[in-house]
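Beneath this line is the structure, given in structure tokens, with notes to follow.
The values are calculated or read from the model by the stated rules, or taken from the named source; none is laboratory data. Keep in mind it's a predicted model, so treat the numbers as computed, not measured. Reconstructed Cβ throughout: ideal geometry from the backbone, glycine too, with neighbour counts over all protein chains shown. Note: accessible area is taken over every heavy atom of the protein model, side chains too, but ligands, DNA and RNA are not part of it. Shrake-Rupley method; radii C 1.70, N 1.55, O 1.52, S 1.80 Å.
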Amino acid sequence: MKKFYFIAGITLFLALFILQMNRGHHTVRVQGEILKYNILHERKILVDNPLIESRLTENLPEHIIPVVPYPQEVRLGDAYYTPLVSALSLRISGVEGKVREIITGHLTEAFSRRYGQDLRVSAEKSPSIWIGIPGRDDQLNELAIRQGMVPDHELGDEGYILHLGSNNIYILANKESGVFYGVQTLKLLLRGYPDPLKIPEMTIRDWPAFSFRCVMDDISRGPIPTLEFMKQQVRRYAEMKINHMSFYIEHVIKTETYPDFAPSNGGIPVEEFRELSDYAAHYQIKLVGNFQSLGHFEKILSFPQYRHLGATERMLDPLNPDAINFLENIYREMAPAFSSDFFTPNCDEAWDLSRGKLIGAAD
């Protein structure tokens with residue numbers, strides 16, 4: 001997994017660098033330095049080892065902050081954030097339910113780890129940390145107007161404003177998802193500037209360059225993940241503001257209609273993906289269903305009871321009504337378990353469309 005996160009991180013940085021080239025010379029220079037430092041130093045912002053993070057952050061230029069993906073706008077101040085009291089107060093406005101519980105837990109852990117201080121959830125008028133949606137709290141709206149930090153249309157539903165003053169922090173957004181992503185950025189800052197490094201004062205305005213941000217994990221080759229591990233992936237991806245997840249699935253799904261082709265020591269029941277979808281929703285992530293539907297069918301076709309579905313030993317027969325019925329039954333079970341509106345019926349690497357009984361059919 002260490003290798004996977006490094007490769008995934010480099011891929012994200014490359015994509016981000018190319019995207020930002022259109023935003024002007026200064027931005028290109030900044031993003032280029034991020035890319036350079038991440039490749040040359042194998043910089044992994046999301047590691048949990050404070051000693052590693054301290055060493056890596058020390059190598060970062062002062063005008064670069066340790067946040068992935070890099071925010072759209074960052075304005076650094078001349079001073080540093082310093083909490084003044086032993087017990088910090090946290091006020092959350094306009095965010096309720098499970099998401100409120102999650103972000104409270106995130107910030108409590110982050111401040112305890114970074115400063116050794118507790119967070120006290122409060123409704124006081126001048127809290128140490130105030131996060132929320134101004135449109136749902138008149139007092140927060142007054143603060144946003146006074147500070148010139150009213151979330152505008154450009155931020156959309158997922159954007160946010162994060163302000164770190166000398167001893168206070170504000171996160172403001174139009175919607176719950178924006179508040180959530182602002183908290184993720186604050187977490188990365190607290191973790192990316194471990195003691196004795198100081199966090200500079202700053203104001204961040206950030207919104208996604210892409211509305212659809214998806215990562216696909218191939219779970220059909222190598223170890224099959226447990227539900228707990230996939231939940232850990234959800235939490236990791238949420239920190240990087242990924243909002244869709246997908247899994248490349250061949251034979252590892254265990255359906256009620258065809259329970260016998262999944263590995264006996266690790267097949268994933270459809271119900272686990274349904275549970276994962278519900279879990280991921282609180283982290284602003286939707287799951288995209290996926291099932292290999294043409295090539296790469298050799299594992300399923302290796303079973304005698306499914307061999308008649310194949311055009312060859314490794315590819316499903318698209319002209320066989322039984323094969324089409326097989327796929328329909330799989331989709332019928334899988335699709336409702338995944339929360340995204342999209343479902344991927346993989347049809348890649350169908351090398352055998354011109355072999356065996358399909359000779360001439362592709363023409």
On a C-alpha basis, how far is the centre of region 303-363 from the centre of region 264-293 in Å? Whole number, if you could?
-> 21
Find how much the distance from ARG136 to LYS198 grows on full extension, using 0.36 nm per residue of separation minus their present alpha carbon separation; answer in nm with one decimal.
-> 19.0 nm
Gain in length, SER166 to TRP351, computed as 0.36 nm per residue apart minus the alpha-carbon separation, to one decimal in nm?
-> 60.4 nm
Largest first, how would PHE180, PHE303 line up by accessible area (1.4 Å probe)?
-> PHE303, PHE180
List ARG146, ARG355, ordered by accessible area with a 1.4 Å probe, largest first | ARG146, ARG355
Gain in span if fully extended, ASP217 to PHE343, counting 0.36 nm per residue against the direct Cα distance | 43.9 nm
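How much net charge surrounds ALA110 when only other residues with a Cβ under 10 Å from its Cβ are counted (Lys, Arg +1; Asp, Glu -1)?
Details: positive: ARG113, ARG114, LYS187, ARG191; negative: GLU109.
Within the 10 Å Cβ shell, the charges total +3.
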Sort TRP130, TRP207 by accessible area with a 1.4 Å probe, largest first.
-> TRP207, TRP130
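Counting only C-alpha contacts under 8 Å and six or more residues apart, can you give the relative contact order of region 254-363 as a whole percent?
Working: 139 pairs, mean separation 35.2, N = 110.
32 percent.
Sorted by packing (mean other beta-carbon atoms within 10 Å per residue), highest first, where do 191-204, 244-257 land? Present the calculation step by step, with values, prior to reporting the outcome.
Numbers: 191-204: 16.9, 244-257: 19.6.
In descending order of packing, they fall as 244-257, 191-204.
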Of all the accessible heavy-atom surface of region 123-181, with the other protein chains kept in place and a 1.4 Å probe, what percent is carbon and sulfur?
-> 41
Past the 21 Å Cα-Cα mark, which pairs from LYS231/LYS286; LYS254/LYS299; LYS187/LYS231; LYS231/LYS254; LYS98/LYS175; LYS98/LYS198?
-> LYS98/LYS198
Scoring only Lys, Arg, Asp and Glu (+1, +1, -1, -1) among other residues with Cβ under 14 Å from the Cβ of THR255 yields -4
